[in-house]
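Only one structure is covered here, and it is reproduced in the block below.
The values are calculated or read from the model by the stated rules, or taken from the named source; none is laboratory data. Keep in mind it's a predicted model, so treat the numbers as computed, not measured. Don't worry about glycine lacking a Cβ; one is built from the backbone with ideal geometry, like all the others, and counts go over all protein chains shown. Accessible surface areas use protein heavy atoms only, side chains included; no ligands, DNA or RNA. Shrake-Rupley method; radii C 1.70, N 1.55, O 1.52, S 1.80 Å.
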Amino acid sequence: MSKLKSEYRDLANSKRMREFLNGKGILAKRQEVAEEFNYDWHARKLNFEQHFRGLVLMQVTAYRSTRDYQHAAKNDLLFHANGAGVEISVSGLAQANRNRPLEPFLAMMQAVMTAVENLPARKLRVLDKRTWQGIVGLLHRTELFDATTLKLPPKLRKWAPGKNEGTAGMKMQLCIDGERGDFKRILFTPEPGNDSPYFEAMLGDLAKQEGRIYIFDAGYWKIDTYYDIVESGNDFVTKRAGKIKPHLVKELPLLNEKQLSSGYEVLQDALVHLGNDQDRLFRMLRVRQTNGQEITLISSLIDLPANQICLLYRYRWTIEIVFRWLRQTLELEHLTSHDPVGILRQILTALIVWGLLVIANQDSGKLSPKQLWRQLQADIHQAVFEYGYCLGFQGAMSLLS
C-alpha cells in the first residue's frame, strides 16, 4: 500500500472501481470471454479475473516488475481488497505471461472500441478558444494517426530488433477519432524503417468512408495513396515528405499574419501538382511554426482557408498527448513482463483502460482522462480503508463475544 501514488489518496466509493472494471457493463461478461478461449487452463492460483485486476492495479500503483507483482499479490492489502491478492511465484507469473492466450484481451479491446465508437460525439481535449473556433466545424470529420516507439528489454532483440545493435523495440501505430479520442485502428510494427508501408492499413477501407479528413505526419507518404484518398471522397493534411517534389501551378495571395489564430506564419500559399498527374491540384503551404521552424504542408483541401489547414495540422499533436498519457500515466514505459505475449497483454490492458475511461467520462462536461484516473486511484484506496474497517469491526466483535 505504500507504493500507492501519494497524490491520489483522496477518499471515494469503492463501487466506482467495480463500475470502472465493468466499463458500465461493456466488460461484465469478460469471464465468459476468458472461458471461451480457455484462459484459465492450468490456472496455478492466477485466473483471468485476478490477472486482469492485477494488471490494472500495476498501472495504478508505483509497482514496476513481475517481482513487484508477486510481492504485492502476497502482501499488499490493496491487491487483496480488489481481488488480485493471490500467492504465485515470479516464475509462475512469467509462465502465465508466456502461456496464456491474448485472445480474451483482444476480444475485450474490440468490445470497448465498438462501445466508444457508438458514444455521442465528445471533443478529445479542451482547446484554447481561438483554435477551437477555427476548426470546430471540421473535427467531427477528422482522424489522426501516428506512431510511437516502445523500448523493450535487449533480451527480446531476436523477437523485436531495435534500430541500434543490441537494442529491442517495437512501434505502436494508432489512428484516433479527432473529436472523441477513441482508437479506430491499432497496429504493432517493427521499430526499424519508416511508416509508409503501413499507410493503407492506417487509413482503413476508403471505399466505406467519405468526407473524412486524415491528418498525419511525413512518415506516411505515397503519392498514389494521396490520389486514392481524394478519389474516395476524402481529404488529408500532412507535412511534405522529403521525397515529394511539388510542381508549382499557381501562387495564391497571402493573408495578413495577424489573421492567423494557428500561430503559424504562412510564407507561401500555392496550388501544385504531385507526381505525374497534371489534372489533379493540391494545396501547398510553406509555413513558419511557433518555434521558428519552417515546414511545408500538403493538403487536398484546396478551397479551405490557409489558417484552417494550419490549425488542423497543429491539432495533429493531440495524438502525441495520447501517446504520452499511455506511456506515462498507464505505465507503458515500465514493462511487467519480458515475454512477448506478456508485453502485448500489458499494452492491450492499457488501451482497454483508456477506452473504459472514455466511456466512464460521458456524464461529465468534458473529457478528462487524467481526472478519471485520479478518481479511480482514489476509489481503489478507499476500498482498502473499507476492507480494513471490516477487519477491525470483526476483530472488535470477536473480543466482545
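For the range 138-257, the fraction of 1.4 Å probe accessible surface lying on carbon and sulfur atoms is 51 percent. Taking amide H atoms as placed 1.01 Å from N in the peptide plane, the amide H of LEU301 lies under 5 Å from those of PHE236, ARG283, each 5 or more residues away in sequence or on another chain. Modelled label positions at LYS250 and LEU301, each set 7 Å beyond Cα in the direction of Cβ, lie 2.0 nm from each other. Remark on the range 13-80: Rg and Dmax equal 12.9, 35 Å (Cα only).
Between ASN99 and THR189, residue separation times 0.36 nm minus the direct Cα-Cα distance comes to 30.2 nm.
On a per residue basis, the range 139-207 carries 42 Å² of accessible surface, using protein heavy atoms and a 1.4 Å probe.
The phi torsions of the range 45-60, fed into the Karplus equation with coefficients 6.51, -1.76 and 1.60 and a -60° offset, translate into couplings of 6, 9, 8, 4, 4, 4, 5, 4, 5, x, 5, 5, 5, 4, 7, 6 Hz, rounded to whole numbers, with Gly and Pro shown as x. Taking all protein chains as shown and a probe of 1.4 angstrom, ARG240 keeps an accessible surface of around 80 Å².
Scanning residues 5 or more positions from GLY178 or on other chains, those with amide H under 5 Å from its amide H are THR142, GLU143, LEU144, with H placed 1.01 Å from N in the peptide plane. Applying the Karplus relation 6.51 cos²θ - 1.76 cosθ + 1.60 with θ = phi - 60° to the range 270-284 yields 3J(HN,Hα) values of 8, 9, 9, 9, 10, x, 9, 7, 8, 9, 10, 9, 10, 9, 10 Hz, where x marks Gly and Pro.
Within the shell of other residues whose beta carbon sits under 9 angstrom from the beta carbon of THR167, the net charge comes to +1, with Lys and Arg scored +1 and Asp and Glu -1.
So, R0 is 35 Å and r is the distance between the beta-carbons of ALA62 and THR148; what FRET efficiency does that work out to, to 0.05? E between ALA62 and THR148, to the nearest 0.05, is 0.95.
Keeping every protein chain in place, order GLU49, GLU36, GLU200, GLU331 by accessible area at 1.4 Å, biggest value first, i.e. largest first. Each step should come with its number before you reach the end.
Numbers: GLU49 40, GLU36 140, GLU200 75, GLU331 10 Å².
The ranking, largest first, comes out as GLU36, GLU200, GLU49, GLU331.
Among residues other than LEU271 whose Cβ falls under 14 Å from its Cβ, what is the net charge (Lys/Arg +1, Asp/Glu -1)?
On the way: positive: LYS250, ARG280, ARG283, ARG286; negative: GLU251, ASP269, ASP277, ASP279, ASP303.
That works out to -1.
Other residues within the sphere of radius under 14 Å centred on the Cβ of ILE309, judged by their own Cβ, net out at +3 (K and R +1, D and E -1).
A cut-off of 5 Å between modelled amide H atoms, ignoring neighbours fewer than 5 places along the same chain, links ARG185 with CYS175.
The distance from the alpha carbon centre of the range 286-324 to that of the range 207-240 is 15 Å, rounded to a whole number.
May I ask for the Rg/Rh ratio of the range 156-289, computed from Cα atoms with Rh as the Kirkwood radius, given to two decimals?
Details: Rg = 17.7 Å, Rh = 17.3 Å.
Radius of gyration over Kirkwood radius for the range 156-289 works out to 1.03.
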